[in-house]
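The structure appears right after this line, and notes come after that.
The values are calculated or read from the model by the stated rules, or taken from the named source; none is laboratory data. It should be emphasised that the depicted structure is a prediction, and the values quoted were computed from it without experimental measurement. Cβ placement follows ideal geometry from the backbone for every residue including glycine, while neighbour counts extend to all protein chains displayed.
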Amino acid sequence: MEDSITNVENLTQTILDTINQIFSSLFSSLDNSMYGTLDKLAFVDNSILNDTFFEKIFGTNASNGLLLIANSLLVAFALYYCFKLLYANFISIQLESPYQFVFKLIIFGISINCSYFICKNLIEINSLISSSIRAIGENIFNTPISFSSFIQSLNSVISVEENSFNLFSFDGLLKSFISISLFNLLFSYALRYVMLKVLILLTPFSILTLVNHSTSWFFKTWFKCLFSLLILQSFVSIVLLIIFSFQLNFDDIFSKLLCVGSIYALIRANSYVQHLFGGITTDVSSNLSMMKAIFK
């Protein structure tokens, strides 16, 4: 009987050790792979535009790519105004004067063909703002303000060594939550990166909609979405700056809870920016909930 109990205990311990080893290896692998990737996805600069295929899709001049379609639609808008102007004379409705329309057509036509330059400088300015915030923190705390440094700091507070890691301990549960949350952040910033590229490609068409009053709402929506996605990295830089001001200690429960709060603040950053400025959300859990509601 005692031998049977001992065998069961040994088997249970072996299973627990195996589970701990698997999760320890998994979490270590996730941490190592996320060091540079999160920084690259979160802090976007002009490198997002340095893609040969992206430039070809966007258009290098007015005669190719999406710029060609946008210029063709610009001509279509002009023809639409001409027909509407002729029709307005018969039914006596008021339209903007031809001089105003031609002026808008010229200004927005130039803006459409310079949209790549406009996007490039907008991204550069936004990158400079977020970089300046992180540079201030680096000078104060003598450490880079980045996700790489943050994850290293987390690992120093919550141990994940294979020999000592225990999934069923308080540290193990915290580490599980943090690793899963960082994985969620990875997907969220990857979605943001893709959506930024999509919105940049829509730039010529969004400027085009300003030619007509009835379509100008599209530009406002587009700009709000683009602005919220760009300003997010400055907001995240400020959150990281606050996080690095905390004095984290391995033996302090308060420090470990601050780590959890910090991760949650980074996850919810996009939602906070959306509430402040509008735009779209890149929160993976919110998008999954929305998809469930659609297909329900």
#### Entry: Residue satisfying all of: in region 147-178; touching an Asp or Glu at 6+ places or on another chain (Cβ under 7 Å) and surrounded by 17 or more Cβ atoms within 10 Å (Cβ to Cβ); modelled with the highest pLDDT among these
Phe147
### Message
Suppose we keep only residues that are surrounded by 13 or more Cβ atoms within 10 Å (Cβ to Cβ) and of a type outside the set (A, V, I, L, M) within region 101-113. Which one would you say is modelled with the lowest pLDDT?
### Response
Phe101
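Quick check, is Phe90 assigned to a helix (DSSP H, G or I) and closer than 16 Å to His213 by Cβ?
So Phe90 does not fit the description; no.
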### Candidates Ile238, Ile263, filtered to the one that is at pLDDT 85 or above and in a helix (DSSP H, G or I)
Ile238
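Which one of these is among the small types (Gly, Ala, Ser), under 30 Å from Leu185 (Cβ atoms) and out of contact with any helix residue (DSSP H, G or I) (no Cβ under 8 Å at 6 or more places or on another chain): Ser148, Ser132, Ser97?
Working: Ser148 fails: out of contact with any helix residue (DSSP H, G or I) (no Cβ under 8 Å at 6 or more places or on another chain); Ser97 fails: under 30 Å from Leu185 (Cβ atoms).
After ruling out the rest, the residue left standing is Ser132.
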### Query
Would a scan of region 50-70 turn up a residue that is without any contact (Cβ under 8 Å) to a residue 12 or more places away in the chain, part of a helix (DSSP H, G or I), among the hydroxyl-bearing types (Ser, Thr, Tyr) and surrounded by 10 or more Cβ atoms within 10 Å (Cβ to Cβ)?
no
### Message
Which count do you get for residues in region 241-259 that are surrounded by fewer than 16 Cβ atoms within 10 Å (Cβ to Cβ), modelled with pLDDT of 75 or more and either over 19 Å from Ile145 (Cβ atoms) or not aliphatic (A, V, I, L, M) (or both)?
### Response
4
### Task
Tell me which of these Ser271 doesn't satisfy, since it passes every other one: (1) over 25 Å from Ser176 (Cβ atoms); (2) without any contact (Cβ under 8 Å) to a residue 40 or more places away in the chain; (3) under 13 Å from the mean Cα position of the chain (by Cα).
(1)
#### Entry: Lone unmet requirement of (1) modelled with pLDDT under 85; (2) surrounded by 12 or more Cβ atoms within 10 Å (Cβ to Cβ) for Phe77
(1)
### Task
Check region 189-198 and report whether any residue there is buried (at least 21 other Cβ atoms within 10 Å of the Cβ) and under 30 Å from Val102 (Cα atoms).
no
## Note on the structure
If we keep only residues of region 199-227 that are of a type in the set (S, T, N, Q) and at pLDDT 90 or above, then the residue surrounded by the most Cβ atoms within 10 Å (Cβ to Cβ) is Thr203
